[in-house]
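*Asks:* Take a look at the following structure, please.
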Amino acid sequence: MTATGTDIVELDRIAVYEALRVVELAQEEDWERDTPCAGWNLRRLVAHMAAQHHGFAAAARGAGHDRAYWREPEDMSEPARTHRAAATAVLAAFAEPGATEREFTLPELGASFPGRTAIGFHFIDYVVHAWDVAATLGTAPGLSDDVLDIALVVARLVPTDPAGRGPGFAFAPPLDVPPEAGPLDEALRLLGRTPERWPTRMR
């Protein structure tokens, strides 16, 4: 799932920190804004992000099969604080020695995966979710070209089987990619996002 020789834990850390940064830009009036995730406002998107962090942290420690770890937090009165605690938990779990060699059980995918592959899933999720949050707020994620180039490599490896894309799945069906698309726009479109619908505003 990831390019040979890349430090997927470090790449994931960069994506998670960027998602943290953009979540913490949100003001009180922003939490009810619609997001690129159809049907979800920003508060619900951040609840999902927190749940995924806790679930992946559990998976890194051998408890991914327990769906309790994947549940969205009930108290989302302070979304940024809740999200930061969850992000801190997953980064600590992934940084443990041997994490990339362990088997991660990911119940949403109905299978177990080598740690490096599973962390690759988490990495592409948080590149996309950093964009989701930034787009909701009218800004752009600040990820380097090196990170985005690897994100595009991973996005190209995500299966496109219609049975695993669409409502209820992580990504919508892939969209056509215009020839002038940069790595972020191409990755987003391969994963069913429509960046042109979310123009960047000054923030």
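The values are calculated or read from the model by the stated rules, or taken from the named source; none is laboratory data. What you see is a predicted model, and the numbers here were worked out from it, not measured in a lab. No Cβ is skipped: glycine too gets one built from the backbone with ideal geometry, and neighbour counts run over all protein chains shown. We work out accessible area using only protein heavy atoms, side chains counted, and drop any ligands, DNA or RNA first. Shrake-Rupley method; radii C 1.70, N 1.55, O 1.52, S 1.80 Å.
*Asks:* Name the longest site-free stretch of the chain, where the excluded sites are GluC sites (Glu not before Pro) in a DSSP loop with no more than 12 other beta-carbon atoms within 10 Å. Could the numbers behind the result be given before it?
*Replies:* On the way: sites that count: E32, E74, E180.
Counting at most 12 other Cβ atoms within 10 Å as exposed, the longest clean stretch of the chain is 75-179.
*Asks:* Only Cα pairs within less than 10 Å get springs; with that Gaussian network setup on the chain, which residue of G142, G98, G115 has the largest fluctuation?
*Replies:* Judging by the Gaussian network model, the answer is G98.
*Asks:* Next up: So with the 1.4 Å probe, I'd like the accessible area per residue for the chain, rounded to whole Å². It would help to have the intermediate numbers written out before the result.
*Replies:* Values: 9900 Å² over 203 residues.
Roughly 49 Å² per residue, with all protein chains present.
*Asks:* Follow-up question, since we're still on this one. Given the rule -39500 (n - 2.57) for each run of at least 4 DSSP H residues, summed and divided by the residues of the chain, what is its mean residue ellipticity at 222 nm, to the nearest 500 deg cm²/dmol?
*Replies:* -15500 deg cm²/dmol
*Asks:* Still on this structure, I have one more. If I build a Gaussian network model for the chain, linking alpha-carbon pairs within less than 10 angstrom, which residue out of T35, T105, T160 has the largest mean-square fluctuation?
*Replies:* T160
*Asks:* Can you compute log10 of I(q)/I(0) for the range 26-138 with the Debye formula, treating each Cα as one identical point scatterer, at q = 0.12, 0.23 Å⁻¹?
*Replies:* -0.42, -1.26
*Asks:* Let me ask something additional. Assuming a viscosity of 0.890 mPa s and a temperature of 25 °C, what translational diffusion coefficient in µm² per second does Stokes-Einstein assign to the chain, Rh being the Kirkwood radius over Cα pairs? Walk me through the numbers before you get to the answer.
*Replies:* Details: Rh = 17.0 Å.
This corresponds to a translational diffusion coefficient of 145 µm²/s.
*Asks:* So which residue, out of P114, P36, P178, gets the largest mean-square fluctuation from a GNM of the chain using Cα contacts under 10 Å as springs?
*Replies:* Result for the chain, Cα springs under 10 Å: P178 fluctuates most.
*Asks:* Relative contact order of the range 80-129, please, whole-number percent, based on alpha carbon pairs below 8 angstrom and at least 6 residues apart.
*Replies:* RCO, the range 80-129: 24 percent.
*Asks:* Could you work out the relative contact order of the chain? I mean the mean sequence separation of Cα pairs under 8 Å and 6+ apart, divided by the number of residues, in percent. It would help to have the intermediate numbers written out before the result.
*Replies:* Values: 294 pairs, mean separation 50.9, N = 203.
For the chain, the relative contact order is 25 percent.
*Asks:* At a 1.4 Å probe, what is the % contribution of carbon and sulfur to the accessible area of the chain? If you can, show how the numbers build up before the last one.
*Replies:* Values: 5200 of 9900 Å².
Looking at the chain in its full context, I get 53 percent from C and S.
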